[in-house]
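Below is one structure, written out as structure tokens; comments come after it.
The values are calculated or read from the model by the stated rules, or taken from the named source; none is laboratory data. Please read all numbers here as calculations on a predicted model, not as lab measurements. Using ideal geometry, Cβ is built from the backbone for each residue, glycine included, and neighbour counts are taken over all protein chains shown. In case anyone asks, the SASA skips ligands and DNA or RNA and just uses the protein heavy atoms, side chains included. Shrake-Rupley method; radii C 1.70, N 1.55, O 1.52, S 1.80 Å.
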Amino acid sequence: MFFGGVVPASPFEEHLAEEAGRALGGAGFRLLHGGYNGLMEAAARGASAKGAPVTAVTLADKHAQWGAFNPYVTDEVHAPDMGARVTYSLEAADLVVAMGGGVGTLHELMAALYYAGNIRPVPVWITGPTALGLLAYLRQEKWLFETPTRPLDFLRPIASAAEFHTQLQALIQNEEVGS
């Protein structure tokens with residue numbers, strides 16, 4: 001699952017989103033995202049370039065208002081409400097990648113952190129300067145902290161496309177070993 005905003009904070013973040021999508025698509029992942037423009041579209045462009053399916057997960061009653069999906073979407077899911085949308089996204093995810101965005105992306109990221117720490121330990125990767133700054137703030141202010149009963153081993157800060165590729169290869173190798 002890719003969580004990212006409709007307005008990239010910088011050309012670097014847009015490039016990073018596209019590279020993340022390309023890496024995921026090249027590794028055989030299906031990309032789930034909100035379906036619209038900005039960082040979501042950049043990730044979808046990258047995944048699509050590698051032939052990966054791209055699924056838009058949106059709200060049923062907002063699609064007409066929010067407009068057409070980006071041109072890389074190959075499938076769509078229309079959830080009845082935000083809770084169902086986020087739940088569907090997290091239950092379907094083998095990996096969550098979060099970048100910068102608005103309050104919607106913030107909501108998705110917080111849900112992913114709670115889900116991975118309490119429901120199912122799906123890997124959550126935070127990437128890009130905006131999201132990494134948020135992660136640092138959450139840790140500094142003790143909104144996010146590790147305890148013996150609540151480990152954060154599912155969480156990975158990732159600063160660059162090269163590091164994203166390296167971590168993805170390690171994840172894939174670990175899954176093959178664990179199979």
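Things worth noting here:
- Residue check: residue 106 meets all listed conditions (1) aliphatic (A, V, I, L, M); (2) farther than 18 Å from residue 14 by Cα; (3) assigned to a helix (DSSP H, G or I) but one, namely (2).
- The residues on offer are 115, 137, and the sole one that is modelled with pLDDT of 95 or more and surrounded by fewer than 13 Cβ atoms within 10 Å (Cβ to Cβ) is 137.
- Residue check for residue 98: within 16 Å of the chain's Cα centre (by Cα) and closer than 17 Å to residue 39 by Cβ: yes
- Tally of residues being loosely packed, with under 13 Cβ neighbours inside 10 Å and in a helix (DSSP H, G or I) across segment 118-134: 1
- Residue tally, condition surrounded by 15 or more Cβ atoms within 10 Å (Cβ to Cβ) and closer than 16 Å to residue 133 by Cβ, over segment 96-111: 8
- Segment 53-76 residues that are more than 14 Å from residue 2 (Cβ to Cβ), paired with ones that are open to solvent by less than 40 Å² (accessible area, probe 1.4 Å) and part of a helix (DSSP H, G or I) (beta carbon under 7 Å, 6 or more apart): 59/85
- Within segment 147-174, residues that are more than 16 Å from residue 29 (Cβ to Cβ) sit with their Cβ atoms under 6 Å from residues that are of a type in the set (D, E, K, R) and open to solvent by 60 Å² or more (accessible area, probe 1.4 Å), at 6+ positions apart or across chains, in these pairs: 152/146.
- Taking each residue of segment 122-140 that is free of Cβ contacts under 8 Å to residues at least 60 places away in the same chain and looking for partners that are of a type in the set (Phe, Trp, Tyr) with beta-carbon atoms closer than 6 Å, six or more apart or interchain, yields 123/154; 124/154.
- Every residue from segment 144-155 that is open to solvent by 100 Å² or more (accessible area, probe 1.4 Å) and either assigned to a loop (DSSP other than H, G, I, E, B) or modelled with pLDDT of 90 or more (or both): 145, 146, 148, 149, 153
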